[in-house]
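**Student:** Before we start, here is the structure in question, set down as structure tokens.
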Amino acid sequence: GAERIVYSFRCLPLDFPRLNVARTGPTSPGWYLTTLWAPAPTPSGFVGFSVILAGNGAPIWYKRTDSVVIDMKLRSDGRLIYTPLLGTAYGVDATRGYRVTSLAGTLVDEQFTVNPGANPVDHHDYVELSNGGRAMVAYPLKTGVNMSAMVDPTYTNNEWMVDGVIQEINAAGQLVWSWAADDHFGYGEVTFPQR
């Protein structure tokens, strides 16, 4: 609406990203977990933060991270989990997983998919399961794939493709269940192919 309120915050670092919070409708009461980054004179060119915001958008907790991070969540054990931004587009890295940290920012664990070399962790989702396990998304690379049925005639019978895989992993780190998009959709069904 027409009302605008300006807040000033003390004790934030000078490189903390500037916040501009706009309410587009009713919001649920509570705190919001998010990640922020801003340009900075660092090797990556950015500075990253994991942040908890109050309902009005005021930062009530933050921790500087060693890289830009995304997809922060609060686990049932009170720890935070997030992943480094693993690159553009799909964002995969077989050597990086979801980081579990304490509220003090101490790294407690890093969780991967089963066989991250073949199923590299994707930075788009991690779901904690009630049985102590987790569900994660991976993007395995497949070669020699016949994609000639695609609507785009430039695809051939010998392509490289990144599949979408969901893995359910138990508390011991073992694979319980897996689902691959390539097993359920035909290439002729693809309406928006991307190279």
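**Student:** Tell me yes or no: at least one residue of the range 102-111 is touching a residue at least 40 places away in the same chain (Cβ under 8 Å), on the phi > 0 side of the Ramachandran plot and part of a loop (DSSP other than H, G, I, E, B).
**Tutor:** The answer is yes; a qualifying residue exists.
**Student:** Taking residue 135 and the conditions (1) of a type in the set (Gly, Ala, Ser); (2) surrounded by fewer than 12 Cβ atoms within 10 Å (Cβ to Cβ); (3) in contact (Cβ under 8 Å) with a residue 24 or more places away in the chain; (4) within 28 Å of residue 95 (Cα to Cα), which numbered condition does it fall short on, given that it satisfies the others?
**Tutor:** With respect to (1) of a type in the set (Gly, Ala, Ser); (2) surrounded by fewer than 12 Cβ atoms within 10 Å (Cβ to Cβ); (3) in contact (Cβ under 8 Å) with a residue 24 or more places away in the chain; (4) within 28 Å of residue 95 (Cα to Cα), residue 135 is out only on (2).
**Student:** Here are some residues: 18, 23, 96. Which one is among the charged types (D, E, K, R), surrounded by 18 or more Cβ atoms within 10 Å (Cβ to Cβ) and not in a strand (DSSP E or B)?
**Tutor:** The conditions single out 96.
**Student:** I would also like to ask the following. Considering the range 50-86 alone, what residues qualify as being open to solvent by 70 Å² or more (accessible area, probe 1.4 Å), of a type in the set (A, V, I, L, M) and under 15 Å from residue 98 (Cβ atoms)?
**Tutor:** If the condition is that a residue be open to solvent by 70 Å² or more (accessible area, probe 1.4 Å), of a type in the set (A, V, I, L, M) and under 15 Å from residue 98 (Cβ atoms), then 74, 85 are the ones that fit.
**Student:** Where in the range 122-195 are there strands (runs of 3 or more DSSP E), lying wholly inside it, with at least 1 residues that are closer than 30 Å to residue 109 by Cβ, at pLDDT 95 or above and among the charged types (D, E, K, R)?
**Tutor:** Details: elements: 134-138, 141-145, 159-162, 165-169, 175-180.
Correct list: 134-138, 165-169.
The values are calculated or read from the model by the stated rules, or taken from the named source; none is laboratory data. These numbers come from a predicted model, not from an experiment. In this analysis, Cβ positions are derived from the backbone assuming ideal geometry, glycine residues included, and neighbour counts consider all displayed protein chains. The area values use the complete protein model at the heavy-atom level, side chains included, leaving out ligands, DNA and RNA. Shrake-Rupley method; radii C 1.70, N 1.55, O 1.52, S 1.80 Å.
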